Amino acid sequence: MTGATVITGAAGAIGGAIASRLRAAGGRLALLDADARALRQAADELGGASGAVLTVTCDVGSGHEITAAIDQVVRAFGAPSGLVTAAGIDRGGHASELAAADFEDVIRVNLSGTFLACQACLRPMIEARAGSIVCISSPLAFASTPGSGAYAASKAGVSALVRSLAIDHAADGIRVNAVLPGPTESELMWAKVPPDRRPELRRTVAAEVPLGRMAEPDEVAAAATWLLSEDSSYVTGAQLACDGGVLAKASVSV
């Protein structure tokens, strides 16, 4: 494919790792994120001055902003060859305590933002009759943990959306898949944890993972870039768990 790969949440750990892998392979990139400063830094690290990296600051939950961003990408690079929807937020808390506004914000960014990015990229991809979309979902789409209601609901929606889009657009030459990262070293993972508590919690989380450790962002990026590539040319509608065995493990030992 000759166009650029669009990455939402490109200034985050997973989005940034995917961008690094693709750029190292010579790919052209369109990096989207709501954090303008972090986005500029990410682009600089990738050699943004080369003309192969476009940055667009936008809110993925805004249909107007994401449409304008993809229009800019198309003008610069033509129809996107790929899309990775890595933008995401979390607002933890039990349903009885979670503010409705927080729930709605998670759905707006994680689920609606994924839909809007896919919709905006699908239009030029359909015309080009080619494209690969990878949405970042989560094992929480299928198995929840305490206080994860908003995030789990958003990711269950993402996984369902991936299945639907894969069927809807198979005849257009477009593949749509999901990667489900397990516990991964990232800003989102530790956003609400005080620095002095992180080592203990890291050990606790790692002990729950069959492989005995958390993932590095580049490990998730390896799965995502494989799904983007022609090496996975017969894979669509898949939910690829990159979770150290979390989903394979029974919740209760007997």
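Annotations
- For GLY92: the one exception among (1) within 17 Å of ASN110 (Cα to Cα); (2) of a type outside the set (Phe, Trp, Tyr); (3) crowded, with 21+ Cβ neighbours inside 10 Å: (3)
- None of VAL193, VAL179 is at negative phi, among the hydrophobic types (A, V, I, L, M, F, W, C) and part of a loop (DSSP other than H, G, I, E, B) except VAL193.
- Residue check, ASP168 modelled with pLDDT of 95 or more, surrounded by fewer than 17 Cβ atoms within 10 Å (Cβ to Cβ) and either in contact with a strand residue (DSSP E or B) (Cβ under 8 Å, 6 or more places away or on another chain) or outside any loop (DSSP other than H, G, I, E, B) (or both): yes
- Set THR236, THR225, THR145: member being without any contact (Cβ under 8 Å) to a residue 12 or more places away in the chain and of a type in the set (Val, Ile, Thr): THR145
- Test: residue in the range 128-139 that is polar (S, T, N, Q), in contact (Cβ under 8 Å) with a residue 12 or more places away in the chain and either part of a helix (DSSP H, G or I) or surrounded by fewer than 24 Cβ atoms within 10 Å (Cβ to Cβ) (or both): no
- Lone qualifier among ALA42, ALA120, ALA95, ALA49 - being at pLDDT below 95, in a helix (DSSP H, G or I) and touching a helix residue (DSSP H, G or I) at 6+ places or on another chain (Cβ under 7 Å): ALA42
The values are calculated or read from the model by the stated rules, or taken from the named source; none is laboratory data. In this text, all values refer to a predicted model and were calculated from it rather than measured experimentally. For neighbour counting, all protein chains shown are included, and Cβ atoms are generated from backbone atoms with ideal geometry for every residue, glycine included.
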